[in-house]
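The values are calculated or read from the model by the stated rules, or taken from the named source; none is laboratory data. Computed from a predicted model, the values in this text were never measured in an experiment. Backbone-built Cβ (ideal geometry, glycine too); neighbour counts: all protein chains shown. Accessible surface areas use protein heavy atoms only, side chains included; no ligands, DNA or RNA. Shrake-Rupley method; radii C 1.70, N 1.55, O 1.52, S 1.80 Å.
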Amino acid sequence: MMDGIAVDISAAGTKRGSDELLPQSTGQNGATAIANAVAASPTGTISPTNSNDAKKVKLDNKNAGKASRVVHIRNVLSDATESEIISLGVPFGRVTNILLLKGKNQAFLEMENETAATTMVNYYSHVTANVRGKPVYVQFSNHKELKTENAPAQQTAAAQAALAAAQSLMPQSHGAQPGDTLGGQNTVLRVIVENMLYPVTVDILHQIFSKFGAVLKIITFTKNNTFQTLIQFADSVSAQAAKLSLDGQNIYNACCTLRIDYSKLTTLNVKYNNEKSRDYTRPDLPSGDGQPPIDPAMAYVPGMPGIFPAMPTAAAAAAAGLRMAGQMQQGCVLLVSNLNAELVTPEVLFTLFGVYGDVHRVKIIFAKKDTALVQLAEPHQAQTAMTHLNGVKMFGKPLRITLSKHQLVQLPKEGQPDAGLTKDFTSSPLHRFKKPGSKNFMNIYPPSATLHLSNIPPNVTEQDITSAFSRHGSVKAFKFFQKDRKMALIQMGSVEEAVTALVAMHNYQLSNSSHLRVSFSKATI
């Protein structure tokens, strides 16, 4: 899902004809037959073949070697659609024709004029173009014009429908000059982030929204205790595509929900490039708060001045609440020091850090047992755990937590002595956040003296619970939930005692079939 895969710069921007790129193939159906015919023809004109499915498609190649308004796209997935290919060109001007060669994983886009095509090719030489999360390579075609009127009827119908849909989204003046698409009505979105359990940064927003087109400016602010942002696109079509695709979606699983509408503003006035605002067309702006300004060398894209290339950020997760399952990302491993070496075990750290994310691995350093590595499932979980637990006392010592330089926790080699200091919890049934939409996402709080208890069986009494917890500190108060005695609040003598009690009592077996669930609460008794 993430951008940032390097573009083949040596290929981007060069002129290539279909006869150079489409080798012979034995397939004779539909687009494959067309591709074969194009590849075999030095003039770019397809003559009728013995196959009934192969139709005439003429590519005017009279001016090969010169600037062209036809753009060639390689590495296209075989199931990609015409609409997905057209969306690559829409931000730069009107797309007038398309030829999708599914059998050859290639496509051709004809833009309204050479300026639009040049802008598109130059932009994608700096920013990776993606179709369905897979990078595609954009370059000029040798062909000056794309003529597909004799293509198979089904293919022509799909292309015309996609072109008509794209055209209906274009503003009336869009085709006048490509430069006119930069800014203007309905290019600014107002985004409200609801249920923001994890930090949302300018870089995360840029990575998510720039998948739909060139993002020019971002301003973030808080209003009515709600995080909001204004995002200005280069054109209204990209803004509309982002709104339609992202409105109501989650940045992270079951939280950070995007609510998107159009702003009344037509352009944003950004004064500083820092963690709250960014103008990708003005890398020279001051940071305003001591932060380093954007590197001007990164900000210039030929043909589209000032558009800042999309930079991959480790913290950015997939839009629409998608998790990159099985894929390690930078920032998942925490370095935890100043531990009580006599009392801390991998299981203790798994339970405590598991309040804020799914812990996959824990390694207590053999030669320095007051230090450990804790690997969580996702970067934002590691960030949340570090934010809430750094400085919190456990077993008499305040935790010291920073991001580790390691990308994952290595398991010991077979036969290598480890003394049980490294544990793999990846498949543990005790993970709190493995189910999308779980209520646990809604109940993440800093360590507090009050603990929330759940999964209490009906035959367990207040005395049973307080007696068990009193072994780990002084119990100051207890209260069952009135409507549901499966849940309760218990208040310990201090935050440190609550931490100790949570580590000891989470998953505590209260009956043959029930295990207690313990988390920190924002409530008091």
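Observations
- Hits in region 471-492 - residues which are small (Gly, Ala, Ser) and loosely packed, with under 14 Cβ neighbours inside 10 Å: SER474, ALA477
- Residue satisfying all of: in region 456-476; under 45 Å from the mean Cα position of the chain (by Cα) and charged (D, E, K, R); nearest to GLY493 (Cα to Cα) among these: LYS476
- Selection of first residues in region 220-236 that are in contact (Cβ under 8 Å) with a residue 12 or more places away in the chain and farther than 22 Å from LYS271 by Cβ and of second residues that are open to solvent by less than 20 Å² (accessible area, probe 1.4 Å) and small (Gly, Ala, Ser), restricted to Cβ pairs under 8 Å at least 6 apart or on distinct chains, gives the following pairs, ordered by first then second residue: ASP235/GLY213; ASP235/ALA214.
- Filtered residues of region 379-393 (kept if open to solvent by 20 Å² or more (accessible area, probe 1.4 Å) and either assigned to a helix (DSSP H, G or I) or under 21 Å from SER428 (Cβ atoms) (or both)): GLN383, MET386, THR387, HIS388
- When region 91-118 is filtered for residues that are buried (at least 24 other Cβ atoms within 10 Å of the Cβ) and assigned to a helix (DSSP H, G or I), the ones remaining, listed by number, are PRO91, PHE92, ALA116, ALA117.
- If you go through region 256-281 and pick out every residue that is open to solvent by 10 Å² or more (accessible area, probe 1.4 Å), part of a loop (DSSP other than H, G, I, E, B) and over 19 Å from THR222 (Cβ atoms), you end up with 4.
- Entirely in region 394-511, the strands (runs of 3 or more DSSP E) that have 3 or more residues that are in contact with a strand residue (DSSP E or B) (Cβ under 6 Å, 6 or more places away or on another chain) and within 25 Å of THR345 (Cα to Cα): 400-403, 422-424, 450-454
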